Structure formats: structure tokens, C-alpha cells
Amino acid sequence: MVRPAARHAQIRYFTSERVFWYRPRMAKPKPAYPVPAVRPIPPAVVAESVVSHLRAMPTETIVRHLEEAPPRFAEWPEGLDPRLVSALQRRGITRPYTHQARAMEHAIAGRNVVVVTPTASGKTLCYNAPVLDAILKDPGARALYLFPTKALAADQLDELHGLVGDIGATIGNFTYDGDTPADARRAIRQAGHIVLTNPDMLHSAILPHHTKWTKLFESLEYIVLDELHMCSGVFGSHVANVLRRLRRICQFYGSNPTFILCSATIANPDELAAALVGDDVALVDDNGAPRGERVIVLHNPPVVNRELGIRQSSLKATRDIAARLIRAGVQTIVFAPSRMRVEILLTYLRDVLRNKPGDAERVAGYRGGYLPNERRAIERGLRDGSVRGVVATNALELGIDIGGMGASVVMGYPGSLASLWQQFGRAGRRHDAALSVLVASSNPLDQYVLTHPDYVFERSIERGLIDADNLYILASHLKCAAFELPFEEGEVFGAHTGELLDILAEEGVLQKAGHRYHWMSEAYPAEQVSLRTASTDNFVIIEQGPNPRVIGECDRPSAPLLIHEDAIYIHRGQQYQVEWLDWDDKKAYVTPVAVDYYTDAQLAVELKVLDGFRAEPSAGGEFEAGEVAITFLATIFKKVKLNTHENVGWGKIAIPEESFHTSAMWLSFDERATAGLDRDQIATGLAGIAHLLRNIAPVYCLCDARDIGAEPQVRSPHSQRPAVFLYDMVPGGVGLSDRLFDVREELIEAALAMVLACPCESGCPACVGPQVEANPSAKRSATLLLERTFG
């Protein structure tokens, strides 16, 4: 080991097996917090150390090196305002990358364009340059920027402010969201050349009050939609309808804005963009930005119980890898699949880092439910280096500037390759070398990815799916559009416009006068439509005490599971017990506690078929698609001990049941498939197939596993036969089950291949689900049923 020359630093050197310390003598050591006391080890050295450590484990670890790529440049588009070019050159941007130049050319020519390149490739310039160019040439021009979150809008405003300041022109750029004061809102409507907002605010606060935004809509030249890949599924279906309303209002005021859309890599960006904006869109996907060296690791935690196929907890494996990186001085981001997992992993990480003063406090959580000022403080800490590690949900997957993270650790496959590569890309954003690790859990989707690594490295990214004409969503936005402007008879606003307008008129919501439909209800329709969930209701979480305060919020679908009475709610690592849940007023009252367990609620599901629309026979039964009614009821909760995950108690939950109608596809099995199996074997086989299909289905449609529900029925009331149902977890459905019906043969073949390839003897979490006893019949029964589906 080489002795360091500097005598004021404490330095750690890694080898593949151990950590060596060199600590020079000092008269009075400086505190480790808040300034790092460890000289950063070169990322390549840390990556090699972590990879060697993981490879030494008795388990599968797959490593790929992605070589760095040089930049490719082009010339500035002809006619670009020289003041803008000079300002960019002073900021170090002497020439644009090839994709930036091509996107600018399309936008300046008035063609809608979608830019699809990796994280940190300079997509922001693709829209800032043409927008600022238009305003510099015509001070009356306006632009509207749409970001999926308020946090991203605030982050992009800082970038825009800096560029406008360097230009030296008077260009008003403002964020307009729920935190904007009333007096500022009036000024923004008049002085805002560029308004940065989110689809939710556009839906609820701008479009319904378009008469106050006359100056914006009359002169609107550009509409920017960033993070296009996030606009899929339910949210994307809502956004498509909001953009329909936006284009309708622009047409009313005589403007025809150009759309500029930006996205991480997905399989069908031009198709998705066209579906969202309702017009043709040019595609730019030839990335000219440089790429730093990246080490990608796919890690499968070791098996700890071979008989039951149980692996080491992915929580603990993720904790160990993240702690090793943070101790090495590498700023690390860890992605967890749920809010609960974020808080549990944050607790575990802080515990293992407490042996070094200051380290534990420099690890933060980041998720929905935190208050805005808490999230902004964490973002600042990541940029200035005072926060060395963060555990986050996909809330930090977006392009918020969090500085140059050295490593990203993803706990569990996030449901789509688009999300996985976006989360990987949060490290090394400044073209430095970076390490990205995927830690697999025992669920079938994770195991499928680990046993088929080419799926990650070779397969194309998934398609983005929306169903803008989903009746539940379309009818809601039709009401909002009618409130904004009367509908003309024959006007088209998605499918079935005329029928829906007549139905609303019969219900008294609209009044038909001559050839026009006018809004008649006293209700404010936008308030009743949430873009993010099926329900508009959020619960606030209030800490009780002498000075009660709101510490967070929870969406309605999650409330029965997270904030039922006696639940342990964890917020930024602090435990709270829910003392009282006021369901009607949507308030949960909590008190701080310090206990060694967390709570895990159980949900009972009842499914009834309402109608079948499509059917295809199989060798062992029949595939069908149709409409179903789903009823959810939270029944009991378990108390789970931290670290050991032992069950140390339980309690009952008293919350009203929730129900909705949605779309589904299902496979029923006839006597040819069930021959030789008794009722118990059929039941375990169906449960195993449901477990498999629910976890593999996200491979075939861009969604999270939580967007799809699965329900086995030993004797379905609909067909009087055993059946397995897959359904959209959204009222009305958004086309996921229809897509699964279309790829039904591939889906069943993948499930069969997964169960046959699994090395377990009789079933495990990686195939047909966890088994409570040795030698059950689940794996054999599921295999037989799947094999007999196609004869």
C-alpha cells in the first residue's frame, strides 16, 4: 500500500476482500459531518471492489461493461438568434449535439417533434433553444412547459433562469403550480413568456379559467411535454385528454402551437407522442451526446433455504451494497419499489452506518407523501454533497438535477426496462464512470430477468400504452371540456363523442340548445377528476401534540393498507402509530413511537364477471376478455419485526370496502386440463399460475406489476370452471388486459418456461409463489395446467 502524501486526510483503500485504513496523526481531527472526511476513491476502483465482493458470493452475479462513447456534434440551425448562440457558447456549449440540432430544426420549422435519448444527453436544450429563439424574435410569443411533477418544473426553472440571464433579454419565465401565491398568479398570466407547470395544474387551474389566460393562448407558439415515457397507462390516458382540451382552446383563440416532446427510451415514442397530441410527430432518436463508462451488475441474492427456494432478503442485500458504497465515499442513490420499502431500507441503512459519526444522518429518504420543503432540502443536499445517500421511490427517476451520483442501486426490477435504465442512468449523469446494480427479489419477474440477462441488455424497451378513449376517463374530460367551451353538434372529442354528449344532456349535466351543448351543472368538473389515481381524495397525516402539524399525505387507494388504526406509519425514518383514522374527513392522527416492528396489511379481493366481449378457445379451455366488478376489503394486519421479519402479532382492520368496474382477461380450464387433479391440487395450481402471470405480465405492457391484479377461482361463477383472471387495477381499465389477451400465447409460454426453468423442487417465490410446507403440489399442478393449455 502506498502511503499518501497529504497529511491532513483520512483515506481508505479498497481491495476485493477488505478495506485498509491510513489515518495520519493530527493534533485535533476535524469532524466528519457535514464535510466529507474521506477522499473520494476513483469510481472504477470502487466498482471493481463491489463487483469482486458480489462475485465471491455463492450466487449468480452478471456483470457487463458499457464502454464510453465520444460526442458527435453538428452546427447550429441556420437563422438561430445570435444572442442565444453567444449565451450558449459562454456557457461552454460551442456546438450542439447531433440530436439537439435535428430537434431544433424540426421545431423551428413548425413540425411537432419527439426527442428520445438517454438520461443526461442534453434534451433540455432541444426545447429551450427554439422557444427562446422565437421569443427573442417576437417578444409577444408565448410557450407552455409541462412536466409530470412540480419538483421537475422547479428544477428546470433554475436552468432556464440561468440561460435567460446570460442572454440579457427581458423574458419572463415562471412556475405556476399549487404553491404559487395568488398575487403572483395574476402577474404570471400577463408577464409570463414561458409558463412552467404540470398536467394536473393545466387540467384544474388553467384550462377551466382560460379567459384569464387570453394573452397566453392567443400567442402560444410552443408546448413542451417533458418525460413523455411517464405518460403511459392511466396517467397518460388522462394527459391525452387534457391535451385534447388544450388544443381545443388554442383553436378557439386562433393559435396552432408546435409540440416538442422529450422522452427516455421506449419502443414506440412517435406512436405514443402522436396518440397524446393527436397529430403527426417527427422522431429524433440518434443520440449524439457522450457516455461515460458504466458497470452494470445484475445480482441475485444467495439461496438461504434451498428446499423452499427462499433467497436472502433483497432488502438486506440492497442495504449491504449501498452501505459499502456510501462508506467508500461514493454518493449513492437507492431505488425501492414502494413507500414502505423506502422507509424500512432507510431505517436499516442508518442502523448499519451508525458506527461512524455523521454517516447515518447523511442518508435521506425521498418519496411521495413528503412535504414539498422536505423534498427540496433533500435535492439541495444531494447537489451540494451534504447528503451522501438517498433511498427513493421512482419519484427521483425523473430528470431532477441531483448532481453527479457515483452509483445507483435498484432493489427489485421496477416493472419495465424503460424505468430500469432511467434509474441506472441517475448515476454518472456528468459523463463520469458509474456503477449500477440491480438486486433481484424472489418474485418471478425478477428471477425471469436474472435468468434471461439478454432481456436487459439486448431486448428493445417496452411500448408505452394509453387508452385515451377509455370511457371512464373520456367522459370525465368531456365534462371538463364542456365546462370550458360549449360543444358543437358533430364536434369530435375522442370516440363516442355524440353518444356521450347526449347521455350527459339526459342526465341534466349539459343542456342542448340548437346545435350546441352547454354546461348546466353547478359542479366544477375538474375538481372531481384526478389525473394520478382513480380517486381524487388524499388523506392528510397529522402528528398529535401541543402543536399539531401535518407531516405527510396518503392517496386513498393506499390508505386502508398504510394508515389504518394501529398501523405503524414511517416518515423519514421516524415511526408513528396511527391512533385514529377519520375516514369521512380524510385525516389520520398519529403519535411518534419507537418500536421494533412495522405493520403489513392484508387485502381480500372478490371478483365477479359482468360481461365477456372476446373469446378464443385453447386446447385445455378458453381465453376470454370482458368487464368485471372488483371489491377490495382490508381485513387484518400483521406486525413484522424489523431485521428478522418475524410475525409478532396481528390485528383487525375496520374500514369500508371499496369496489369498481374494470376490464379483465381470463383463462378457464376444462376437464381436458384438470384431468387427474383433485380440488386442492387445482387450487394450488391456479394460485401458482396467478402468481406467475401477474409478475410476468409487465414484460408485455409498459406498466408496474401493481397496475395488474390477479385472482384465481377454483370454480368461477361465470364459467362454472377453474379460472385465472388478470385485470386492470383502475376503474374502467386502460387497455392492459386487452394487450395481454392479444399476447396470450406468448404470456402462457413465458410462464411455462419460467416454472420449468426454476431449479426448486416443489415451488418457490421465483416461480409459483412461496410455499408454507415442503413438497406441496403447486409447481406440478401449475405446470400440468399450463402445458395442457395448448395441448
What the Cα atoms of segment 589-736 span along the principal axes, largest first and in whole Å, is 57, 37, 30
To the nearest Å², the heavy-atom accessible area per residue of the chain with 1.4 Å probe amounts to 42
Taking a crude spin-label model, label points 7 Å out from Cα along the C-beta direction, the ARG383 to ALA495 distance in nm is 4.5
If every Lys and Arg gets +1 and every Asp and Glu gets -1 at its Cβ, then about the Cα centre the chain yields a dipole, in debye to the nearest 20, of 4100
Between [x] -1.13, -1.23; [y] -0.98, -1.16; [z] -1.18, -1.42, the structure-derived log10 I(q)/I(0) by the Debye sum over Cα atoms at q = 0.10, 0.11 Å⁻¹ is [z]
Among trypsin sites (Lys or Arg not before Pro) in segment 182-244, those in a DSSP loop whose Cβ has at most 10 other Cβ atoms within 10 Å are none
Mean shadow area (nm²) of the C-alpha convex hull around segment 133-203 is 4.7
The chain: relative contact order from alpha carbon pairs under 8 Å, six or more residues apart, as a whole percent, is 11
Cα convex hull volume per residue for segment 68-170, in Å³, equals 118
Residue-normalised 222 nm signal for the chain, counting each DSSP H run of n ≥ 4 as -39,500 (n - 2.57), nearest 500 deg cm²/dmol, is -10000 deg cm²/dmol
Share of accessible surface on carbon and sulfur in the chain, whole %, 1.4 Å probe and ligands ignored, is 49
Here, GluC sites (Glu not before Pro) of segment 476-581 satisfying both criteria (DSSP loop; at most 16 other Cβ within 10 Å) are GLU489, GLU491, GLU507, GLU522
Checked against a 28 Å limit on the C-alpha separation, the offending pairs among LYS212/LYS587; LYS150/LYS639; LYS150/LYS479 are LYS212/LYS587; LYS150/LYS639
Restricting to Cα pairs under 8 Å and 6 or more apart, the percent relative contact order of segment 395-507 works out to 20
Filtering trypsin sites (Lys or Arg not before Pro) in segment 404-442 by DSSP loop and by at most 16 other Cβ atoms within 10 Å leaves ARG430
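The values are calculated or read from the model by the stated rules, or taken from the named source; none is laboratory data. Just so it is clear, the structure is predicted and the values come from calculations on it, not from any experiment. Note that we place each Cβ from the backbone using ideal geometry, even for glycine, and neighbour counts take in every protein chain shown. For the accessible areas, the whole protein counts, side chains as well, though only heavy atoms, and no ligand, DNA or RNA atoms are used. Shrake-Rupley method; radii C 1.70, N 1.55, O 1.52, S 1.80 Å.
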